[in-house]
Amino acid sequence: MTITIAPFENAIHRNEVVALWETVFGYDAAHNCPSLVIEKKIAVCDGLFFVAINDPGIIGTIIAGYDGHRGWIYSVAVHPGYRKQGIGSRLVTHAEIALAARGCMKINLQIMEGNEAVAAFYSSMGYAVEQRVSMGKRIQKNIPPTDV
């Protein structure tokens with residue numbers, strides 16, 4: 001199996017990424033709507049959105065972000081039929097290299113509490129739980145209403 005990791009191209013990859021995220025994440029919060037996440041990310045134009053491609057299409061994704069101080073990793077997704085084959089590790093390593101090339105000194109990520117399999121995956125890649133409290137605030141005026 002030949003896997004290629006490439007920059008996300010909206011016109012080519014969008015529909016497959018949306019379908020993959022709906023399968024893998026099953027988002028139910030409006031601010032996590034795949035189409036909205038894609039629009040917001042491509043508007044930044046930072047080149048930190050990558051897809052894993054295997055004929056016939058997209059089998060994985062990763063989004064990274066860098067604010068000049070810390071890097072972040074988001075939306076790591078691997079199609080269920082392709083898990084346990086090193087694709088997630090390749091995506092994370094690819095994002096780490098891209099962040100390091102920008103001068104990033106530390107990468108953060110968040111996972112849902114209780115997701116032991118994902119915690120073990122990141123632990124195997126050198127990530128460790130830090131004693132922090134993650135807080136968030138949604139800016140409702142920037143979240144479009146859902147039709148649901």
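Looking only at residues in the range 60-71 that are buried (at least 23 other Cβ atoms within 10 Å of the Cβ) and over 8 Å from the mean Cα position of the chain (by Cα), the one that is nearest to ALA19 (Cα to Cα) is GLY60. Residue count for the range 22-56, restricted to those that are of a type in the set (Phe, Trp, Tyr) and either touching a Leu at 6+ places or on another chain (Cβ under 7 Å) or assigned to a helix (DSSP H, G or I) (or both): 1. Screening MET112 with (1) of a type in the set (A, V, I, L, M, F, W, C); (2) farther than 15 Å from PHE50 by Cβ; (3) touching a helix residue (DSSP H, G or I) at 6+ places or on another chain (Cβ under 9 Å); (4) surrounded by 15 or more Cβ atoms within 10 Å (Cβ to Cβ) gives one miss only, at (4). Contact map, the range 37-50: first residue among the small types (Gly, Ala, Ser), second residue surrounded by fewer than 14 Cβ atoms within 10 Å (Cβ to Cβ), Cβ cut-off under 7 Å, separation 6 or more or different chains; pairs are GLY47/PRO7. Is there a residue being within 19 Å of ARG138 (Cβ to Cβ), within 15 Å of the chain's Cα centre (by Cα) and touching a residue at least 12 places away in the same chain (Cβ under 8 Å) anywhere in the range 2-20? No, that holds for no residue. Within the set TYR127, TYR122, the sole residue that is part of a loop (DSSP other than H, G, I, E, B), more than 19 Å from ASP28 (Cβ to Cβ) and out of contact with any Cys (no Cβ under 9 Å at 6 or more places or on another chain) turns out to be TYR127. The condition of being of a type in the set (Val, Ile, Thr), closer than 21 Å to ARG14 by Cβ and touching an Asp or Glu at 6+ places or on another chain (Cβ under 7 Å) holds for only one of ILE107, ILE73, ILE63, ILE58, that being ILE58. Check the range 60-67 and report whether any residue there is assigned to a helix (DSSP H, G or I), closer than 26 Å to ALA101 by Cα and modelled with pLDDT of 95 or more. No - not one qualifying residue is present in the range 60-67. Return yes when LEU99 is within 23 Å of ASN10 (Cβ to Cβ) and over 10 Å from the mean Cα position of the chain (by Cα) and no when it is not. When the stated conditions are applied, LEU99 passes them. Scanning the range 84-119 for residues that are of a type in the set (Asp, Glu), part of a helix (DSSP H, G or I) and over 24 Å from THR2 (Cβ atoms) returns a single hit, GLU116.
Sub-7 Å Cβ pairs linking a first residue in the range 85-99 that is touching a residue at least 24 places away in the same chain (Cβ under 8 Å) and farther than 14 Å from ARG70 by Cα to a second residue that is in a helix (DSSP H, G or I) and not charged (D, E, K, R), at least 6 apart or interchain, are GLY88/PHE121, ordered by first then second residue.
All of TYR74, TYR127, TYR82 fail the test of being under 28 Å from GLY47 (Cβ atoms), surrounded by 13 or more Cβ atoms within 10 Å (Cβ to Cβ) and without any contact (Cβ under 8 Å) to a residue 24 or more places away in the chain, apart from TYR127.
Checking each residue in the range 14-42 for being of a type in the set (Gly, Ala, Ser) and either modelled with pLDDT of 95 or more or under 19 Å from ILE87 (Cβ atoms) (or both) picks out only ALA19.
The values are calculated or read from the model by the stated rules, or taken from the named source; none is laboratory data. Keep in mind the model is a prediction, meaning the values are calculated, not measured. Every residue, glycine as well, gets a Cβ built from its backbone with ideal geometry; the counts of neighbours run over all protein chains shown.
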